[in-house]
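Quick notes on the structure that follows.
The values are calculated or read from the model by the stated rules, or taken from the named source; none is laboratory data. Note that the coordinates shown come from a computational prediction; the quantities given were computed from them, not determined experimentally. Neighbour counts are summed over all protein chains in view; Cβ atoms, including those assigned to glycine, are modelled from backbone coordinates with ideal geometry.
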């Protein structure tokens, strides 16, 4: 049997211009009205930033599970996962997002997420993530990473606090450290290219 190609479902609704390349849709309802082309296999949900209308992350996760049921591998990308939570708990009605973290890997669903407020993200999302890419961070977010055994010493905490950030022009940003829970930091500062 031929292998079905995977698809990435990306929530990218924070800015007026997309930050991810792919086929853009306002929401899942628009995707159902206007099916995607075979390529690229990246579907970007944009919401409506001009009118402050965000994408419902749970509806995207539901779509991912439906695609997985047809044996299609899925990568769910949440640009701001904290929006699906309140005070570190999943919001009422959010069921498929936590299921993707808990059971997704076994059935072909992967999750990639970002947040500016890791203290607001449910524990399961952090603990089910193999790696954390941590950009400049301090306060509650850094304290959470210490408590969860990702930041093992004060030297690493100081490095994270001092990473370059928004004081640099956008083309020069992107410095981060790579962390795994309970493991020593590799001593490296990485950088991705400008978007």
Condition first: touching a helix residue (DSSP H, G or I) at 6+ places or on another chain (Cβ under 9 Å) and under 24 Å from residue 19 (Cβ atoms). Now tell me which residues in the range 78-90 satisfy that.
78, 80, 81, 82, 83, 84, 85
Exception for residue 150 within (1) outside the structural domain of residue 85 (by TED's automatic domain parsing); (2) surrounded by 17 or more Cβ atoms within 10 Å (Cβ to Cβ); (3) more than 21 Å from residue 87 (Cβ to Cβ); (4) touching a strand residue (DSSP E or B) at 6+ places or on another chain (Cβ under 6 Å) falls at (3)
Determine if the range 55-70 includes at least one residue that is modelled with pLDDT of 95 or more, under 18 Å from the mean Cα position of the chain (by Cα) and in a strand (DSSP E or B).
no
Hey, among 93, 141, 187, which residue is outside the structural domain of residue 19 (by TED's automatic domain parsing) and either in contact with a strand residue (DSSP E or B) (Cβ under 6 Å, 6 or more places away or on another chain) or part of a loop (DSSP other than H, G, I, E, B) (or both)?
187
The one condition residue 16 fails out of (1) in contact with a helix residue (DSSP H, G or I) (Cβ under 9 Å, 6 or more places away or on another chain); (2) surrounded by 16 or more Cβ atoms within 10 Å (Cβ to Cβ); (3) part of a loop (DSSP other than H, G, I, E, B) is (2)
Leading residue by the ranking (surrounded by the fewest Cβ atoms within 10 Å (Cβ to Cβ)) among those in the range 153-165 that are assigned to a helix (DSSP H, G or I) and within 22 Å of the chain's Cα centre (by Cα)
161
Which condition number in (1) in contact (Cβ under 8 Å) with a residue 60 or more places away in the chain; (2) buried (at least 19 other Cβ atoms within 10 Å of the Cβ) is the one that residue 70 fails?
(2)
